[in-house]
Every structure is written in C-alpha cells, then in structure tokens.
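The values are calculated or read from the model by the stated rules, or taken from the named source; none is laboratory data. Nothing here was measured: the structure is a model prediction, and the numbers come from that model. Backbone-built Cβ (ideal geometry, glycine too); neighbour counts: all protein chains shown.
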Amino acid sequence: MSTGLRLTLASALVALPITASAQNWSDQPVDPANHDETVAYEEGGRYFNEEDVPTYNVAEDGTVDWLTFSGFRRYHAECHVCHGPDGEGSSYAPKVKNSAVHMGYYDFYDVVVNGRGNGNSVMPHFGDNPNVMCYLDDIYVYLKARGMEAVPRGRPGSKEAKSDAIQEDENACMG
Ligand code: HEC
C-alpha cells in the first residue's frame with residue numbers, strides 16, 4: 001500500500017464518529033431468532049453448540065448449567081463494576097451481554113485477554129489474572145445466556161451440580 005493511500009485511510013478513520021467504532025457490537029440489539037445456540041453436545045458438565053463453542057443450557061424449570069451460574073458470580077466479581085449488573089452496560093462501558101452474542105467466542109476472548117483502548121474508554125487486559133482467565137468460559141456463557149434472554153436478570157435460582165471434570169479443570173488452571 002502506498003504511503004499516500006495509507007495516510008488517506010488514516011484520516012478517514014479519524015473522521016469516523018466515535019459511536020461507529022468501539023461500542024458498535026453492544027449497541028446492536030439481539031434478536032434471539034437470528035442466533036442458533038442449540039446445545040449440540042455435553043461433555044463433563046460443559047455444553048457446546050454445533051461450532052464446538054461453549055454455550056448455556058437452561059432446563060424447562062429454569063435450572064441453569066454450572067458454567068452459567070459460575071459465570072454470573074465471576075462476572076459480578078470482576079466485570080460488573082464497569083459493565084453494570086447483569087451485563088446491561090453502564091454510561092462508562094458497553095452492554096457486554098449483547099457483545100457476547102455478536103462478537104463470537106474468539107473475539108470476546110481476545111478483548112478480555114488483551115484489553116482494548118479507545119481514548120479515555122479503556123478495557124483492561126485480564127490475560128494474567130487467573131480469577132478471570134480460569135473462568136472466562138463461564139463468564140462468556142453467562143453473558144451469552146443474558147444476551148439471548150435465556151436467563152432473567154439476577155442470580156440464577158437453581159443450578160446443575162459442578163461436575164468432577166469442571167472441578168479438575170479449575171484446580172489445574174488455578175494451580
Ligand atoms: C475498568 C473498567 C472495566 C472492567 C473492570 C472491565 N471492562 Fe470490559 N470494557 C471496558 C470499556 C471501557 C470497554 C470499551 C472499550 C473501548 O471503547 O474500546 C470495554 C469493552 C469490553 C468488551 C468489548 C465489547 C464490545 O462490544 O466491543 C468486552 C467483551 C468486555 N469489555 C468484557 C469484559 C469482561 C468479561 C470483564 C470482566 C472480566 C470486563 N470487561 C471488565 C471497561 C471495563
């Protein structure tokens with residue numbers, strides 16, 4: 001790419017209104033009908049969709065899978081101070097319940113591991129924080145369930161038991 005073209009592109013980017021850049025995912029409403037989060041299989045108490053991406057499982061009586069419950073707790077310990085209760089967003093940070101649906105698993109991970117900045121709007125990086133990294137699937141699954149309106153706001157009432165496999169993963173991760 002020529003220097004001239006690069007400069008033109010750079011000034012075009014600077015000219016974009018702020019709302020069009022960083023927070024575009026979270027501003028987009030989620031229509032659950034447009035996203036297929038059907039459980040394809042379960043493995044050791046974890047649920048996955050057809051793309052082998054972790055997802056939530058909510059029984060007819062409202063009982064949630066362990067990860068959704070755990071994610072609720074971890075989210076409110078580590079993220080809610082900026083992103084607001086139940087992933088609803090705040091004046092300071094985006095509505096991450098929508099982001100979890102729109103961004104997809106890998107981009108979501110990338111932002112949390114590496115952080116992101118946009119002027120004064122800074123998402124810290126959590127890649128070296130085991131209290132986040134060892135539970136990031138949990139947080140992602142919980143937020144996706146919120147974004148899809150599969151679980152209501154607030155603490156989930158009943159939950160599946162924590163499986164041995166999940167406990168072993170946690171021990172190995174936390175060291
Ligand atoms: C200190 C405040 C703060 C904390 C704590 C925080 N975030 Fe953020 N986060 C932000 C801000 C501000 C942004 C928007 C950054 C930008 O404008 O690029 C953001 C952006 C994000 C995004 C991208 C959203 C999008 O729609 O593009 C994700 C995903 C995210 N945060 C997840 C998390 C998770 C998960 C946690 C908890 C582990 C967390 N954040 C904790 C402030 C925070």
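Just one of (1) surrounded by fewer than 19 Cβ atoms within 10 Å (Cβ to Cβ); (2) touching a helix residue (DSSP H, G or I) at 6+ places or on another chain (Cβ under 9 Å); (3) in a loop (DSSP other than H, G, I, E, B); (4) of a type outside the set (Asp, Glu) fails for Val151. It is (1). The residue of the range 80-102 that is surrounded by the fewest Cβ atoms within 10 Å (Cβ to Cβ), among those that are within 7 Å of the ligand (Cβ to nearest atom) and assigned to a loop (DSSP other than H, G, I, E, B), is Tyr92.
Once the range 76-109 is narrowed to residues that are polar (S, T, N, Q) and over 12 Å from Met123 (Cβ atoms), the residue that is nearest to the chain's Cα centre (by Cα) is Asn98.
No other residue among Tyr75, Tyr105 is more than 8 Å from the ligand (Cβ to nearest atom) and either among the aliphatic types (A, V, I, L, M) or under 30 Å from Tyr41 (Cβ atoms) (or both) apart from Tyr105. Scanning the range 143-175 for residues that are closer than 14 Å to Thr63 by Cβ and touching a residue at least 40 places away in the same chain (Cβ under 8 Å) yields Ala145, Ala150, Val151, Arg155, Pro156, Gly157, Ser158, Lys159, Glu160, Ala161, Lys162.
Within the range 103-126, being in contact (Cβ under 8 Å) with a residue 12 or more places away in the chain, under 21 Å from Asp137 (Cβ atoms) and either loosely packed, with under 13 Cβ neighbours inside 10 Å or of a type in the set (A, V, I, L, M) (or both) holds for Met103, Val111, Val112, Val113, Asn114, Met123. Looking across the range 110-136, the residues that are assigned to a helix (DSSP H, G or I), closer than 14 Å to Cys79 by Cα and under 13 Å from the mean Cα position of the chain (by Cα) come down to Val111, Val112, Val113, Val132, Met133, Leu136.
Please work out if Cys134 is over 20 Å from Glu37 (Cβ atoms) and more than 10 Å from the ligand (Cβ to nearest atom). Taking the combined requirement at face value, the residue satisfies it. Evaluating Gly45 against the criteria (1) over 17 Å from the mean Cα position of the chain (by Cα); (2) at pLDDT below 85 leaves one unmet condition, (2).
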